[in-house]
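The values are calculated or read from the model by the stated rules, or taken from the named source; none is laboratory data. Predicted model, so just to flag it, every value in this text is computed and none were measured. We place every Cβ from the backbone using ideal geometry, glycine too, and count neighbours over all the protein chains shown. Areas reflect the complete protein model, heavy atoms only, side chains present, ligands, DNA and RNA absent. Shrake-Rupley method; radii C 1.70, N 1.55, O 1.52, S 1.80 Å.
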Amino acid sequence: MNEITATPAAAQPPAGCGARSLAIARTGARCFFVAPALALLAGCAGERTQSALHPAGPMAADIARVWWILFAVCTAVFVVVVLLMLLAVLRRGGHDRFRSPLGDKFIVVSGIIIPTFILAPLLFLSLGTTSNLRMPETSVTIEVVGYQWWWEVRYPDFGIVTANELHIPVGEPVRLEMTSADVVHSFWVPELGGKRDLNPGITTTFWIQADRPGVFRGQCAEYCGVQHAKMGFLVVALPVNDFATWVSERQEPHPEPVDERLLRGREAFFTGQCHACHAIRDTGATARVGPDLTHIGSRLSLGAATVPNNRGNLMGWIANPQPIKPGNLMPPTYLETDELHDLTDYLMSLQ
Ligand code: CUA
């Protein structure tokens, strides 16, 4: 941090280099502090999303509380250690003014006894919080399956299948049963709770709860391949009545399209081979390679929270999703322009 002071006299550079070295050291010191400060400030800018320090549920609140206590204790320890280091530097010349009254016992007291008194309460705080995080009684169960690089979301009690979006009722703990179709993924909604891995061949259970309505962004938190960073999802927390409405609307069968354009779009879904990977309820398309599209028109995002869901993005995604999310498993779709428009309209109509 302060290389000039800490450099032994024998190692001092020749006098001619002194001013330049000092300038370089000062610039280095400035960068040392300025770069992290800018990075921290950058984190404050713009819309707040995915902040574990702005909890919106009981689990996240417990975790945030532990974080703030650890932060306060560690900051205090850091300050004391830095002060002691400065004392050591000042004593370098052999001054005895700062000699510890404890003598050699200082090592035992400050190296063993004090750390024990600091770390033991933190250990119990952490253990206590962990036991608080046990799954409470739940009324809603959601099955989540991780794929490279999207999330299948199933409501077994309601017969609803969707993707990359979890709708949950506010104020109620929701049980999650999670697994992976390929590699290890990790489910994390910083504003609602901690992380839980999704492992192939194993079902892990977890729970989340939101205490206020809102849309909370989640993120895969385990490196899982080239598009790991774009494996996001959204948790939409709805007041209990709105959640019930959402469920009943999703359960209603899609009416047969009357519009010629939508009928042509549905045909294009099959001629364009979309049904080889995607399912749409009540149409005979049942594949599970890619996300279920039964409610695609009502979803907020495309490509696992990569871009907002609107007609333009959807058409671009169907035509060729690779520029939006390079490496994803969906190939370009070769359709005539008219068919592409019709297909997009049809998919947007699927609420
Ligand atoms: Cu899935 Cu990272």
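Quick notes on this one:
- Accessible-area ranking of 147, 334, 346, largest first, probe 1.4 Å: 334, 147, 346
- The Rg/Rh ratio for segment 56-151, using Cα coordinates for both the radius of gyration and the Kirkwood hydrodynamic radius, is 1.25.
- Of the beta bridges in segment 73-178, as assigned by DSSP with both residues counted there, near 65 percent are antiparallel.
- Placing +1 on each Lys and Arg Cβ and -1 on each Asp and Glu Cβ, with no other charges, gives segment 100-181 a dipole about its Cα centre of roughly 400 debye.
- Here r is the Cβ-Cβ distance between residue 260 and residue 125 and R0 is 51 Å; the resulting FRET efficiency, rounded to 0.05, is 0.20.
- Each residue of segment 296-308 is assigned a 3J(HN,Hα), and the resulting list reads 4, x, 9, 7, 7, 9, 10, x, 6, 6, 8, 9, x Hz, derived from the Karplus form 6.51 cos²θ - 1.76 cosθ + 1.60 (θ = phi - 60°), x at Gly and Pro.
- Once Rg and the Kirkwood radius are both taken over the C-alpha atoms of segment 267-313, their ratio Rg/Rh works out to 0.98.
- The calculated FRET efficiency for the pair residue 70 and residue 112, based on their C-beta separation and a Förster distance of 25 Å, comes to about 0.75.
- Note on residue 320 and residue 288: the model spin-label points, each 7 Å out from Cα along the C-beta direction, lie 3.3 nm apart.
- Note on exposure: 172, 336 ranked by accessible area (1.4 Å probe, complete protein assembly) read 336, 172, with the most exposed listed first.
- Annotation: extensible slack from residue 132 through residue 51 equals 27.1 nm (criterion: 0.36 nm per residue apart, minus Cα-Cα distance).
- Dipole of segment 181-222 computed with +1 at Lys/Arg Cβ and -1 at Asp/Glu Cβ about the Cα centre; of 200, 210, 188, farthest Cα towards the positive end is 210.
- Residues of type aspartates and glutamates that residue 105 reaches as a straight line, Cα spacing below 20 Å, ignoring anything fewer than 8 places off in the same chain: 96
- Each residue was assigned an accessible area with a 1.4 Å probe, and for residue 266 the value is about 60 Å².
- Solvent-accessible area of residue 338 with every protein chain in place, 1.4 Å probe, in Å² to the nearest 10: 110 Å²
- FRET efficiency, 1/(1 + (r/R0)^6) with R0 41 Å, evaluated for residue 143 and residue 336 via beta carbons: 0.60
- Rounded to the nearest 20, the Cβ-based charge dipole of segment 185-333 about its Cα centre (Lys and Arg +1, Asp and Glu -1) stands at 400 debye.
- A simple spin-label model places the labels of residue 80 and residue 177 5.0 nm from each other, with each point 7 Å out along Cα-to-Cβ.
- Per residue, the convex hull spanned by the alpha carbons of segment 235-351 comes to 107 Å³.
- Just so you know, the Rg over Rh for segment 157-236 is 0.95, from Cα atoms, with Rh as the Kirkwood radius.
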